[in-house]
Ligand code: FAD
Ligand code: FES
């Protein structure tokens, strides 16, 4: 059992949980994730390791409430326990001295880019972080990203805070200004990651995206997380979750993410009752 040491509401529908999991904390690397099961009847859901504190033996996850399990987790509080907290899983991000790295985070993806941005900065890169939110009320971790970035650009779709528009508008502006960009690393909604990939491809800017297909076991056994990259079938849980964004079959990923939507809605409605 894994104890919740701290819970914080970061924004409407987005919760931070600091979980006591010393062995996961000790071995976790940027870009890796855990599979969480709340209780014996719970489903397994993958969540990115957003931060670790090795001295406390804790792992931080940031969770957006989208369906049954993420809402149910939202009802958990400090002192409650989670049954399973399996990890670290997946291949760690490729951290190197690339030069200028642009980190693009959309929504809850902002929490997911934090450990990678931190490691990229420590590796000697010039780090520009673009943080995209729908509106001002949903902005979180701007200061935390500033601590590990040389520049931070916040965008909101409605212009209520920072630059008006999408993360791709901020990225396009950097390109138009002639800024040298050696790597783009994107995490967020699939539509955003696809748009980032389409934007950088003609400029030949190496782009990595962290894919979020449906996962079940997280260890390469079930095939649920199958994605097509460069015409080859990959399992995101063991071969990824990060891949060359220019090679991903984005339309297939989007289609596969909606396969169980009816069942997910039924399950959520049942749980609400
Ligand atoms: P449901 O109603 O079951 O599903 C809502 C939507 O979420 C579905 O339509 C589907 O697109 C997706 N989904 C459903 N089940 C799964 C599943 N088992 N695996 C993946 N996607 C699923 N979300 C965060 O808020 N924070 C994170 O740090 C985070 N990290 C992730 C890391 C990885 C490697 C992956 C693959 C996904 C990550 N997600 C993260 C997404 C998160 O796993 C889903 O939002 C969650 O599983 C939804 O479960 P639900 O029961 O609340 O919603
Ligand atoms: Fe089962 Fe990846 S989640 S193979």
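At 37 °C and 0.692 mPa s, what whole-number value in µm²/s does Stokes-Einstein give for the translational diffusion of the range 7-116, with Rh from the Kirkwood sum over Cα pairs? D = 227 µm²/s. Axis angle, to the nearest 10 degrees, between helix 261-272 and the longest C-alpha principal axis of the chain: 50 degrees.
Fully extending the segment from residue 198 to residue 175, taken as 0.36 nm per residue of separation minus the present Cα-Cα distance, adds 6.9 nm.
If packing is taken as the average number of other Cβ atoms within 10 Å across a peptide's residues, how do 254-262, 3-11 rank, most packed first?
Values: 254-262: 11.9, 3-11: 15.9.
Peptide ranking by packing, descending: 3-11, 254-262.
Give me 216, 108 sorted ascending by neighbouring Cβ count inside 10 Å, so fewest comes first.
Working: 216 16, 108 27.
Ordered from fewest to most neighbouring Cβ atoms within 10 Å, 216, 108 come out as 216, 108.
Going by neighbour counts of Cβ atoms within 10 Å, the residues 182, 158 line up, fewest first, as 158, 182. For the range 246-273, the residues whose amide N sits under 18 Å from a probe point set 7 Å from the Cα of residue 41 along the beta carbon direction are 264-273. Label separation (residue 27 vs residue 263): 3.0 nm, computed from points 7 Å beyond Cα along the C-beta direction.
Here the residues 268, 133, 166, ranked from fewest to most Cβ neighbours within 10 Å of their Cβ, fall in the order 268, 166, 133. Label positions at residue 251 and residue 56, each projected 7 Å from the Cα along the C-beta direction, are separated by 4.6 nm.
The C-alpha atoms of the chain define a longest principal axis, and helix 190-200 lies at about 20 degrees to it.
Two decimals is fine: what's Rg over Rh for the chain, C-alpha atoms, Kirkwood radius as Rh?
On the way: Rg = 17.9 Å, Rh = 18.9 Å.
Ratio value, two decimals: 0.95.
Kirkwood hydrodynamic radius for the range 70-188: how many Å is it when counted over pairs of different Cα atoms? If you can, show how the numbers build up before the last one.
On the way: mean 1/r = 0.0648 Å⁻¹.
After inverting the mean inverse Cα-Cα distance, the result is 15.4 Å.
Anisotropy class assigned to the range 149-273 is oblate, per the alpha carbon gyration tensor with a/c at or over the 1.5 cut-off and a/b no larger than b/c.
Each value in this text was obtained by applying a stated rule to the coordinates, not by laboratory testing. Keep in mind that this is a model prediction, so the values were computed, not measured. Cβ atoms come from the backbone with ideal geometry, glycine included; neighbour counts cover every protein chain shown.
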